[in-house]
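Student: I'd like to ask some things about the structure below.
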Amino acid sequence: MSDIAKDKAARLLKKRGSVSSLSSHDVKAKETFAKTRDSVSTVSYMDEPGHHDDIPRPAVQMENTFQLGPTKRFPVATVNNILKDVLTSYLQEEKYEAELCRQMTKTISEVIKARVKDLMIPRYKIIVLIHIGQLNDQSMRIGSRCIWDPANDTFSSYSFKNSSLFAVANVYAVYYE
């Protein structure tokens, strides 16, 4: 490709807001000298947006697996141990503070979900719910509803308590075909 064609292609791509791998060294070198404040996106498209209707693509045909039940059951005892380990390690020495507990709820749920997904149980959707509250002689009821298949779907739950807060962790494992 000649230098004129490269420059023209680089200007056209820069105008569109996209820099492809087409001689990216030359484009980046010229941009560093210019020191512009505009950010340059590195997203490139396989085809132009809006022109995808011109060429019909064949539909991908997926075959049925005819698998109606799980090949591996959800390990409730192992997930209970994960819940106990994570809640104890994160909340053992914590005092109740509303903002801290809001962030801890998000963090704990992500950690639990990641550790349960590391077990690699196929075809189960994992839902993690964490409730943290202040311990003040109150009562609380937690309920949840969904369409449930008692033969394949299951859950795991663990309650934690220290001197100033309580936490309830629920992991629902819903089998999908």
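The values are calculated or read from the model by the stated rules, or taken from the named source; none is laboratory data. What you see is a predicted model; the values in this text were computed from it and never measured. Reconstructed Cβ throughout: ideal geometry from the backbone, glycine too, with neighbour counts over all protein chains shown. Heavy atoms of the whole protein, side chains included, go into the accessibility calculation; ligands, DNA and RNA do not. Shrake-Rupley method; radii C 1.70, N 1.55, O 1.52, S 1.80 Å.
Student: Among (1) modelled with pLDDT of 50 or more; (2) open to solvent by less than 90 Å² (accessible area, probe 1.4 Å); (3) part of a helix (DSSP H, G or I), which single condition is residue 110 missing?
Tutor: Only one criterion is unmet by residue 110, namely (2).
Student: Of the conditions (1) open to solvent by less than 80 Å² (accessible area, probe 1.4 Å); (2) in contact with a helix residue (DSSP H, G or I) (Cβ under 7 Å, 6 or more places away or on another chain), residue 115 fails just one. Which one is it?
Tutor: (1)
Student: So which of 60, 19 is hydrophobic (A, V, I, L, M, F, W, C) and either modelled with pLDDT under 50 or closer than 30 Å to residue 162 by Cβ (or both)?
Tutor: Working: 60 fails: either modelled with pLDDT under 50 or closer than 30 Å to residue 162 by Cβ (or both).
So the residue among 60, 19 that is hydrophobic (A, V, I, L, M, F, W, C) and either modelled with pLDDT under 50 or closer than 30 Å to residue 162 by Cβ (or both) is 19.
Student: Given 87, 68, which one is surrounded by 14 or more Cβ atoms within 10 Å (Cβ to Cβ) and modelled with pLDDT of 70 or more?
Tutor: Details: 68 fails: surrounded by 14 or more Cβ atoms within 10 Å (Cβ to Cβ).
None of the other options fit; the residue is 87.
Student: Within the range 74-86, how many residues turn out to be outside any helix (DSSP H, G or I) and without any contact (Cβ under 8 Å) to a residue 60 or more places away in the chain?
Tutor: Going residue by residue through the range 74-86, those that are outside any helix (DSSP H, G or I) are 74-75.
With without any contact (Cβ under 8 Å) to a residue 60 or more places away in the chain added as a condition, the list becomes 75.
Qualifying residue count, the range 74-86: 1.
Student: Then there is this: Do we find a residue being touching a Pro at 6+ places or on another chain (Cβ under 8 Å) and surrounded by 12 or more Cβ atoms within 10 Å (Cβ to Cβ) anywhere in the range 137-152? Walk me through it before giving the result.
Tutor: Going through the range 137-152, the residues touching a Pro at 6+ places or on another chain (Cβ under 8 Å) turn out to be 152.
After this cut, where a residue has to be surrounded by 12 or more Cβ atoms within 10 Å (Cβ to Cβ) as well, the list is 152.
Looking through the range 137-152, at least one residue is touching a Pro at 6+ places or on another chain (Cβ under 8 Å) and surrounded by 12 or more Cβ atoms within 10 Å (Cβ to Cβ).
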